[in-house]
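Scroll down for the structure; my scribbles are underneath it.
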Amino acid sequence: MYRIPNIKNRRLQDPHVVILGAGASIAACRIDKNGKSVPTLSNIHKVLGMKDMLSGYGFSKEALENFELLFSNINGKPKWIGLQNYLENEVRNYFKKLELPNEPTIYDYLILSLTEKDAIVTFNWDPFLMQAYRRNLSVGNLPQLIFPHGNVGVGLCYDCKVKGYADCLCPNCFKELSDMKLLFPVHQKNYYDGEIIQNEWTEAKKVLSTAAGVTIFGYSAPETDQEAYNLLKDSYRISNIETIAPFSIINLKAAEKEQKNKWADIYDRHMMTFHETFYESLLWLAPRVSLEYLFDAILQQQPRAYVKSFQDFKTLEELQKFVGTITEYDMAI
Ligand SMILES: [Zn+2]
């Protein structure tokens, strides 16, 4: 028997959880406001122009092609500690400078397509999601953001246990917030550090274990991330809702087969949809009410029309104004 969605005062309480990988940031902003491109974990050293420098260290050809492999090889070895620190700093500084363009991006739409009961779990280090969140804050009723690999856009006060924007002051004690650490691509990641990363995982498990819908956007769940992949799957299984909950994958056509196989044991094939772009997803078609829309159709047998689908807005103001028209009535199941 599957679980029935939790509905209170005609409102769905269960979260829609969106999981983001590098593909989502690239779809949102391939080239940033200042012409910088967004690296993937495998080509980061090339984008940062460090390949020639690294080839002087005598790494294998294979390692020089793939930053994940290179970093895994040097990680934690005393001989490479200087180089490791250097790479970590360079990567952080590069990501910190990335900036969203002024026009609405997919991350603006994504944030505004969800509400405060929902959550976005991102494995990306770039600050785009935080920037999108910040500039849409005035709209209100926004989803929770969770960063299990750390993020350059997040600042922390360890004394007050507060999470905020990087380079800002703690709203509590007014001390400068510390950088959130970044978990680099190594096989043995420390998800149980007793601090912030463990806390992010606690939040991720909490939302997944009560989710009534999951969207996996541009997240390949790479080899080095077996532990994350298992944690995500085991947490969602607890929700026990797969036979009626939508499970959507947004990824490149070339990744379709691999992605479908990768998640096959946690979705029901009748509820699985694969999309090549965000524009085809339920989040675009029925923003802020994606799950309500679906449950009306399958549980109440009262399908709604897509009257408030997103459109391609030219400015952020237009997008935000539109989201303001998705009213209480639309929100109730
Ligand atoms: Zn503080």
Of the residues in region 15-37, how many are over 18 Å from the mean Cα position of the chain (by Cα) and farther than 18 Å from Val91 by Cα?
1
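Condition check ((1) within 16 Å of the ligand (Cβ to nearest atom); (2) surrounded by 16 or more Cβ atoms within 10 Å (Cβ to Cβ); (3) over 27 Å from Leu87 (Cβ atoms); (4) not hydroxyl-bearing (Ser, Thr, Tyr)) across all residues:
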| residue | (1), (2), (3), (4) |
| --- | --- |
| Phe128 | no, yes, no, yes |
| Gln131 | no, yes, no, yes |
| Asn141 | no, no, yes, yes |
| Val154 | yes, yes, no, yes |
| Leu169 | yes, no, yes, yes |
| Pro185 | no, yes, no, yes |
| Lys205 | no, yes, yes, yes |
| Leu208 | no, yes, yes, yes |
Among the numbered criteria (1) within 16 Å of the ligand (Cβ to nearest atom); (2) outside any strand (DSSP E or B); (3) of a type outside the set (Ser, Thr, Tyr); (4) at pLDDT below 95, which single criterion is violated by Gly164?
(2)
Which of the numbered conditions does Leu208 fail, given that it passes all the others? Conditions: (1) in a helix (DSSP H, G or I); (2) free of Cβ contacts under 8 Å to residues at least 40 places away in the same chain; (3) among the aliphatic types (A, V, I, L, M).
(2)
Of the residues that make up region 117-132, is at least one of a type outside the set (Ser, Thr, Tyr), farther than 23 Å from Ser25 by Cβ and touching a residue at least 40 places away in the same chain (Cβ under 8 Å)?
yes
What about Pro39, is it within 30 Å of Trp263 (Cα to Cα) and either assigned by TED's automatic domain parsing to the domain that holds Glu242 or assigned to a loop (DSSP other than H, G, I, E, B) (or both)?
yes
Out of region 211-246, which residues are in a helix (DSSP H, G or I) and surrounded by fewer than 17 Cβ atoms within 10 Å (Cβ to Cβ)?
Glu223, Gln226, Glu227, Tyr229, Asn230, Lys233, Asp234, Arg237, Ile238
Is it true that some residue in region 280-295 is among the acidic types (Asp, Glu) and buried (at least 20 other Cβ atoms within 10 Å of the Cβ)?
yes
Do we find a residue being in a helix (DSSP H, G or I), away from the ligand (no atom under 16 Å from the Cβ), at negative phi and not polar (S, T, N, Q) anywhere in region 187-198?
yes
Is it fair to say Thr273 is outside any helix (DSSP H, G or I), more than 15 Å from the chain's Cα centre (by Cα) and at pLDDT 95 or above?
yes
Could you say whether any residue in region 212-227 is more than 15 Å from the ligand (Cβ to nearest atom) and farther than 27 Å from Ser281 by Cα?
yes
Between residues in region 57-82 that are outside the structural domain of Asp225 (by TED's automatic domain parsing) and under 10 Å from Pro185 (Cβ atoms) and residues that are small (Gly, Ala, Ser) and part of a loop (DSSP other than H, G, I, E, B), which pairs lie under 8 Å by C-beta distance while being six or more apart or on different chains?
Asn66/Ser42; Phe67/Ser42; Glu68/Ser42
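The values are calculated or read from the model by the stated rules, or taken from the named source; none is laboratory data. Note that the structure is predicted; figures quoted are calculated from it, not measured. Glycine gets a Cβ as well: all are built from the backbone with ideal geometry, and neighbour counts include every protein chain shown.
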